[in-house]
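Data block below; observations after.
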Amino acid sequence: MLYYTKTVRQTLKELDTSEGGLSITDAEERFRTYGPNSIKVTGEPLWRKLVEPFANVFMLVLFIAAGISLFHGAILDASIIGVIMAVSAIIYYVQRFSTERILRSLQKHDAQNVDVYRDGKLIELDSMYLVPGDVIVLNEGEKIPADARLIRTSSLRVDE
């Protein structure tokens with residue numbers, strides 16, 4: 001589904017839509033199929049969050065190296081390896097916390113109304129009701145409410 005690599009015509013065909021947008025019936029059916037256009041942050045059990053940074057080959061190799069170092073009495077080497085493992089885990093936890101915080105803030109976004117074509121007419125609706133195949137119209141200063149493929153632009157600039 002790399003729509004940015006496809007032509008506009010190919011994209012519209014694959015999404016079974018047109019530049020005039022979806023019919024109201026199609027949009028309702030797709031809403032029932034795909035659900036609301038919202039970000040879902042799923043929580044994981046605490047034990048999984050704690051174990052996750054250690055559940056990879058790199059950490060396994062470090063753990064084995066630390067064990068071998070302890071077996072040979074090289075406590076300093078084992079300590080250094082342990083510190084490396086701890087720093088790696090801390091970096092992972094910080095990145096994960098940051099990502100979850102951003103996703104939660106996106107999830108709590110204010111309701112955004114967006115102009116969308118339905119049955120060939122431009123209407124305004126809450127971005128939560130956007131579905132795959134909708135053709136949206138963005139104006140200056142508006143946030144992009146969903147993943148989208150550009151059909152036409154005029155002096156487009158994006159500030160991420």
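Screening Ala78 on (1) more than 19 Å from Pro36 (Cβ to Cβ); (2) open to solvent by 80 Å² or more (accessible area, probe 1.4 Å); (3) free of Cβ contacts under 8 Å to residues at least 40 places away in the same chain shows it passes everything except condition (2).
Quick one: in region 82-141, which of the residues that are under 22 Å from the mean Cα position of the chain (by Cα) and basic (Lys, Arg) is surrounded by the fewest Cβ atoms within 10 Å (Cβ to Cβ)? Checking each candidate, the answer is Lys108.
Identify, from the list Leu12, Leu22, Leu62, the residue that is open to solvent by less than 90 Å² (accessible area, probe 1.4 Å) and more than 28 Å from Val135 (Cβ to Cβ). Lay out the reasoning, then the answer.
On the way: Leu12 fails: more than 28 Å from Val135 (Cβ to Cβ); Leu22 fails: more than 28 Å from Val135 (Cβ to Cβ).
After ruling out the rest, the residue left standing is Leu62.
From the list Lys49, Lys40, the one residue that fits, being touching a residue at least 40 places away in the same chain (Cβ under 8 Å), open to solvent by 50 Å² or more (accessible area, probe 1.4 Å) and closer than 23 Å to Val87 by Cα, is Lys49.
The values are calculated or read from the model by the stated rules, or taken from the named source; none is laboratory data. Bear in mind the structure is a predicted one, so any value in this text is a computation, not a measurement. All Cβ positions, even for glycine, are placed from backbone atoms using ideal geometry, and neighbour counts span all protein chains on display. The protein model used for the area step is the full one, side chains on, heavy atoms only, and it has no ligands, DNA or RNA in it. Shrake-Rupley method; radii C 1.70, N 1.55, O 1.52, S 1.80 Å.
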